[in-house]
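Trainee: Okay, handing you the structure first.
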Amino acid sequence: MGATEHGFRAKLERHQPDLPIYLMVPSDVVTALGGTATFVVDAAVNGTAIGRRSIKPWGDGRWFMELTKPQCGRLKVEEGDAVDITVSETLQTPAALEAALAKNKLADRWAALSASDRRMIAEHIFAAKKDVTKAARIERAITKLQQRS
C-alpha cells in the first residue's frame, strides 16, 4: 500500500506577528487522507519537501497546517504568498502484514482504520528487531482486526 498524494494551492496566513504562519488545508484533502483529528503527513511546499507536518482541526470544520519561521526562510516564502502544497500519507504497510491481511481477508478492516491507527500499527511492526517479535506483533494486529465488528 503506497503513498496517496494530494496537491492544492494555498495562501500563507498569520493572525498576529508573534504566531506561526499557517495555511488552510481543503476539507476534501483531509477526507481523502482519512483525517478525523490531528494527523501527520509528509508535506512539500512548491516542490520542496519539508518533512512530516501535522494537519490540525481549526474548530469550525476547517483544517490547517503550520510552517515554522526557519522553514519559511529556507523556502523563501512569507505571509501572503500563494504556494503549491503536496501532502501524502506515506504509510508503508509491512509486506508480512499485507500477506496476513490478504490471507485472513481483513484488507477492508485495515483500510477502515484511521490513518493514525494504521501508522501506529505499521511503525510498531517495523520497529521489531527480531523476526519472532515482528510475527507476534502481526498476529496481535490480525487478532484485533478480527475482533472488530
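Trainee: Quick check on the stretch 123-132: of everything there that is part of a helix (DSSP H, G or I) and not aliphatic (A, V, I, L, M), which residue is surrounded by the fewest Cβ atoms within 10 Å (Cβ to Cβ)? Spell out how you get there, then give the answer.
Mentor: First, the residues of the stretch 123-132 that are part of a helix (DSSP H, G or I): 123-126, 131-132.
After this cut, where a residue has to be not aliphatic (A, V, I, L, M) as well, the list is 123-124, 126, 131.
Values: Glu123: 12, His124: 16, Phe126: 13, Asp131: 9.
So the residue we want is Asp131.
Trainee: Only residues that are surrounded by fewer than 16 Cβ atoms within 10 Å (Cβ to Cβ) and of a type in the set (Val, Ile, Thr): list them for the stretch 65-94, please.
Mentor: Here is the first cut: in the stretch 65-94, the ones surrounded by fewer than 16 Cβ atoms within 10 Å (Cβ to Cβ) are 66, 68-70, 73-74, 76, 78-80, 82, 84, 90, 92.
The answer is Thr68, Thr90.
Trainee: So, one more: Residues Arg62, Arg52: which one is of a type outside the set (Val, Ile, Thr), surrounded by 12 or more Cβ atoms within 10 Å (Cβ to Cβ) and out of contact with any Leu (no Cβ under 8 Å at 6 or more places or on another chain)? Spell out how you get there, then give the answer.
Mentor: On the way: Arg52 fails: surrounded by 12 or more Cβ atoms within 10 Å (Cβ to Cβ).
The conditions single out Arg62.
Trainee: Checking Leu67 against (1) within 21 Å of Gly7 (Cβ to Cβ); (2) of a type outside the set (Ser, Thr, Tyr); (3) touching a Lys or Arg at 6+ places or on another chain (Cβ under 7 Å), only one condition comes out false. Which one?
Mentor: For Leu67, the exception is condition (3).
Trainee: Those residues that are in a loop (DSSP other than H, G, I, E, B), surrounded by 11 or more Cβ atoms within 10 Å (Cβ to Cβ) and either free of Cβ contacts under 8 Å to residues at least 40 places away in the same chain or not hydrophobic (A, V, I, L, M, F, W, C) (or both), I need them from the stretch 5-36; list them, please.
Mentor: So the first thing to find is which residues in the stretch 5-36 are in a loop (DSSP other than H, G, I, E, B), and the list is 12, 14-20, 26, 33-36.
Within this subset, residues satisfying the condition of being surrounded by 11 or more Cβ atoms within 10 Å (Cβ to Cβ) are 12, 14, 20, 26, 33-36.
Scanning the stretch 5-36 gives Arg14, Pro20, Pro26, Gly34, Gly35, Thr36.
Trainee: Now, a different point. Taking Gln92 as meeting all but one of (1) at pLDDT below 90; (2) more than 30 Å from Lys144 (Cα to Cα), write down the number of the exception.
Mentor: The one condition Gln92 does not meet is (2).
Trainee: Kindly check whether there is at least one residue in the stretch 64-72 that is closer than 16 Å to Asp42 by Cα, outside any helix (DSSP H, G or I) and in contact with a helix residue (DSSP H, G or I) (Cβ under 9 Å, 6 or more places away or on another chain).
Mentor: Yes: one or more hits.
Trainee: Under the condition of being in contact with a Leu (Cβ under 8 Å, 6 or more places away or on another chain) and in contact (Cβ under 8 Å) with a residue 40 or more places away in the chain, which residue from the stretch 37-46 is surrounded by the fewest Cβ atoms within 10 Å (Cβ to Cβ)?
Mentor: Start the filter on the stretch 37-46 by keeping residues that are in contact with a Leu (Cβ under 8 Å, 6 or more places away or on another chain), which leaves 39, 41, 45-46.
Okay, now just the ones that are also in contact (Cβ under 8 Å) with a residue 40 or more places away in the chain, so 39, 41, 45.
Numbers: Phe39: 19, Val41: 27, Val45: 23.
Per the criteria, the residue is Phe39.
Trainee: Report, ordered by the first and then the second residue, all pairs with beta carbons closer than 7 Å, sequence separation of six or more or different chains, a first member in the stretch 47-67 that is without any contact (Cβ under 8 Å) to a residue 12 or more places away in the chain, and a second member that is among the charged types (D, E, K, R).
Mentor: Pairs that qualify, where the first residue is without any contact (Cβ under 8 Å) to a residue 12 or more places away in the chain and the partner is among the charged types (D, E, K, R), are Gly51/Asp42.
Matching residues to (1) under 23 Å from Ile55 (Cβ atoms); (2) assigned by TED's automatic domain parsing to the domain that holds Arg53; (3) assigned to a helix (DSSP H, G or I):
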| residue | (1), (2), (3) |
| --- | --- |
| Glu78 | yes, yes, no |
| Val83 | yes, yes, no |
| Ala111 | yes, no, yes |
| Ile121 | yes, no, yes |
| Ala136 | no, no, yes |
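The values are calculated or read from the model by the stated rules, or taken from the named source; none is laboratory data. What you are looking at is a predicted structure, and each value in this text was computed from that prediction instead of being measured. Note that we place each Cβ from the backbone using ideal geometry, even for glycine, and neighbour counts take in every protein chain shown.
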